[in-house]
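The values are calculated or read from the model by the stated rules, or taken from the named source; none is laboratory data. The model shown is predicted, which means the values in this text are computed figures rather than measured ones. Virtual Cβ from ideal backbone geometry, glycine too; neighbours counted across all protein chains shown. These area figures cover heavy atoms from the full protein model, side chains too; ligands, DNA and RNA do not enter into them. Shrake-Rupley method; radii C 1.70, N 1.55, O 1.52, S 1.80 Å.
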Amino acid sequence: MIEFVPLPLIDDFLLQYNIGQVLLFLFVLSVLAAIPLGSRKVLSLNAITFGLLFVVTPASMAPLPFKFLGIALLVVAPVLFVTARV
């Protein structure tokens with residue numbers, strides 16, 4: 001008996017994107033999820049985490065602009081963390 005397995009459909013969809021685009025999408029989703037909390041510290045810790053992920057991701061998996069985005073996040077996010085109120 002053959003069962004319908006949607007894995008080939010999901011695989012065909014995901015092959016169109018690289019890991020940098022997926023990380024960027026997850027970063028945007030996590031920022032949107034952190035905004036209702038109203039905490040700049042949570043937002044900055046989120047940005048630091050994704051900045052590290054962008055920088056550590058191998059160059060073969062993500063294009064160079066994503067590395068620059070990670071470096072920018074690693075520069076801006078600590079400033080946001082320090083200036084945030086408790």
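Restricted to region 25-42, and to residues there that are touching a residue at least 12 places away in the same chain (Cβ under 8 Å) and out of contact with any Phe, Trp or Tyr (no Cβ under 8 Å at 6 or more places or on another chain), the residue that is farthest from L14 (Cα to Cα) is S39. Of the helices (runs of 4 or more DSSP H) contained entirely in the chain, those carrying at least 1 residues that are in contact with a helix residue (DSSP H, G or I) (Cβ under 6 Å, 6 or more places away or on another chain) and of a type in the set (A, V, I, L, M) fall at 19-34, 40-56, 64-83. For L45, the test of being open to solvent by 80 Å² or more (accessible area, probe 1.4 Å) and in contact (Cβ under 8 Å) with a residue 24 or more places away in the chain is passed. Those residues that are surrounded by 14 or more Cβ atoms within 10 Å (Cβ to Cβ) and either among the β-branched types (V, I, T) or more than 17 Å from Y17 (Cβ to Cβ) (or both), I need them from region 51-66; list them, please. Result: G51, L52, V55, T57. Of the set (1) modelled with pLDDT under 95; (2) surrounded by fewer than 16 Cβ atoms within 10 Å (Cβ to Cβ); (3) among the small types (G, A, S), all apply to A72 but (1). Hey, among the residues in region 46-61 that are small (G, A, S) and over 19 Å from A33 (Cα atoms), which one's nearest to the chain's Cα centre (by Cα)? If we take residues in region 46-61 being small (G, A, S) and over 19 Å from A33 (Cα atoms), then A59 is nearest to the chain's Cα centre (by Cα).
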